[in-house]
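Please treat every number below as a calculation from the coordinates, not as lab data. Quick caveat: nothing in here was measured; it's all calculated off a predicted structure. Neighbour counts run over all protein chains shown; Cβ positions are idealised from the backbone, glycine included.
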Amino acid sequence: MIIDQFLSGFHYGDAIGNSVLRFHKFLETKGIKSRIVAITIDDAVREYCTPFSEYKEEYDSIRIYHYAISSPINDYFLKNQGKNILIYHNITPSEYFKGFSEELVSLTEKGRKELSLFSDKFNLAIADSDFNASELKEIGFSNIKTFPIMISRTEYDGECSESYMEIFNDGRKNILFVGRITPNKKIEDLIKLLSVYKKIVSSDIRLIIAGNVGSVPHYFSSLLSLKNELGLDLEDLFFTGHIPFSELISVYRSADLFLSMSEHEGFCLPLIESSFFRIPVIAFKAGAVEETLAGSGILLSNKNLEKVVMVAEKVLNDENISIKLAETAGKRADSYEKESDPEILLKLILEEFNG
């Protein structure tokens, strides 16, 4: 038996890529042959990956397609029958990209349209959240299971960059958001909230946005314009860009609060990462956020900025509240470690094809 995992882009530091790599390494420890197949491959992970153009299937291959956007791999699975499994990671609705990237509008619209063609092409569909599973059900998939993104908790116990951590160790409270800088994440709401916080609570506050700023350049430019319009400087608002893992750990360890105003999340892994560091979380209730948090943070039902600021102020300055949230975060970290055990995914696969 061989298990092949397909994804459009295999990127270092990407949540899906990391999950794929973890399962690959797990399979190898079980003596199961495994390959990762992708179209675009980062140099940092190239040793683990076979380019899609060079892929040759074996007669007993079980093929897993991690689906998150339209790509030429779609055509391959539409044409090839066999032992096929879809793992659905969600596709951001195209309307979020309008006015920022026509290419992403086209790719996301095409990706959602082609997803509906897959409903009878896979033996099993796995969604990484119940929210994503509901989307699959709506478009006609029937054999659907839920299994979350795989993540190695022990990796977050590794060494951080002390020099990078010093940047944020100046007495200010640090509000953190981690994720790609894309319009659905509503980074502008975080920036506006920072401005309001400085005006009505304290100027000793910083917003750290950790994530790739190159995903949607026009959107990032609009955020920089907003920053300048509101009179915020580098001490107030810090974009890390794509950073090494040791620096990401530093950012998490520097955070006093994780805050998300994102309006579309198929899962939102940084909520789980925050729980590893016992960081209090406040998040807008959108998509799979409530499901991912599982009671371990404060959910926002609206975006009244002054009200959100006051909630953030209490979390940042009331020790009893922050300790309680840190405790619930720690419990969520423990439960998630059990839920995302790769042994569970392997069992789902073997049950499907071995009866």
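Provide the FRET efficiency to the nearest 0.05 for the SER222-LYS137 pair, computing r from the beta carbons and using R0 = 35 Å. E(calc), rounded to 0.05, equals 0.50. From the cross-link list LYS98/LYS173; LYS25/LYS121; LYS83/LYS137; LYS25/LYS145; LYS199/LYS338, which pairs have alpha carbons spaced over 32 Å apart? Long pairs (Cα-Cα over 32 Å): LYS98/LYS173; LYS199/LYS338. Which of GLY330, PRO183, SER254 sits farthest toward the positive end of the charge dipole of region 154-337, with +1 on the Cβ of Lys and Arg and -1 on the Cβ of Asp and Glu? Positive-most Cα among the choices belongs to PRO183. The alpha carbon centroids of region 181-256 and region 105-124 are separated by 33 Å.
Only sites in a loop by DSSP and with at most 12 other Cβ atoms within 10 Å count here; which GluC sites (Glu not before Pro) in region 1-59 make the cut?
Details: sites: GLU28, GLU47, GLU54, GLU57, GLU58; in loops: GLU57, GLU58.
Sparse-neighbourhood loop GluC sites (Glu not before Pro): GLU58.
Phi angles across region 297-308 convert, under the Karplus curve 6.51 cos²θ - 1.76 cosθ + 1.60 with θ = phi - 60°, into 3J(HN,Hα) values of x, 9, 9, 9, 9, 8, 10, 5, 4, 5, 5, 5 Hz, Gly and Pro given as x.
With a ≥ b ≥ c the root eigenvalues of the C-alpha gyration tensor of region 116-218, is it rounded (a/c under 1.5), prolate (a/b larger than b/c) or oblate? Spell out each step's value before the answer.
Numbers: a/c = 3.05, a/b = 1.94, b/c = 1.58.
Because a/c hits 1.5 or more and a/b exceeds b/c, region 116-218 counts as prolate.
Relative contact order, whole percent, for the chain stands at 14, derived from Cα pairs under 8 Å and 6 or more residues apart. Here the Gaussian network model covers the chain, with springs between Cα atoms less than 10 Å apart; of GLY179, GLY17, GLY31, GLY31 fluctuates the most.
Each of ALA68, VAL45, LEU124 was scored by the projection of its Cα onto the charge dipole of region 28-146, and the greatest displacement toward the positive side belongs to LEU124; charges sit on the C-beta of Lys, Arg, Asp and Glu. Counted by Cβ distance under 12 Å from ILE85, the other residues give a net charge of +1, where Lys and Arg count +1 and Asp and Glu count -1.
For region 154-337, rounded, prolate or oblate, judged on the Cα gyration tensor with a ≥ b ≥ c (square roots of eigenvalues), a/c < 1.5 rounded, else prolate if a/b > b/c?
Numbers: a/c = 1.25, a/b = 1.17, b/c = 1.07.
Rounded, since a/c falls under 1.5.
Loop-located GluC sites (Glu not before Pro) in region 150-251 (DSSP state other than H, G, I, E, B) with a sparse environment of at most 14 neighbouring Cβ atoms within 10 Å: GLU159, GLU235. For GLU306, the shell of other residues with beta-carbons less than 12 Å away shows a net charge of +3, using +1 for Lys and Arg and -1 for Asp and Glu. For ALA255, the shell of other residues with beta-carbons less than 11 Å away shows a net charge of +2, using +1 for Lys and Arg and -1 for Asp and Glu.
Can you pull out the chymotrypsin sites (Phe, Trp or Tyr not before Pro) in region 53-96 that DSSP calls coil and that have at most 10 other Cβ atoms within 10 Å? If you can, show how the numbers build up before the last one.
On the way: sites: TYR55, TYR59, TYR65, TYR67, TYR76, PHE77, TYR88, TYR96; in loops: TYR55, TYR59.
Here the sparse-neighbourhood loop sites are TYR59.
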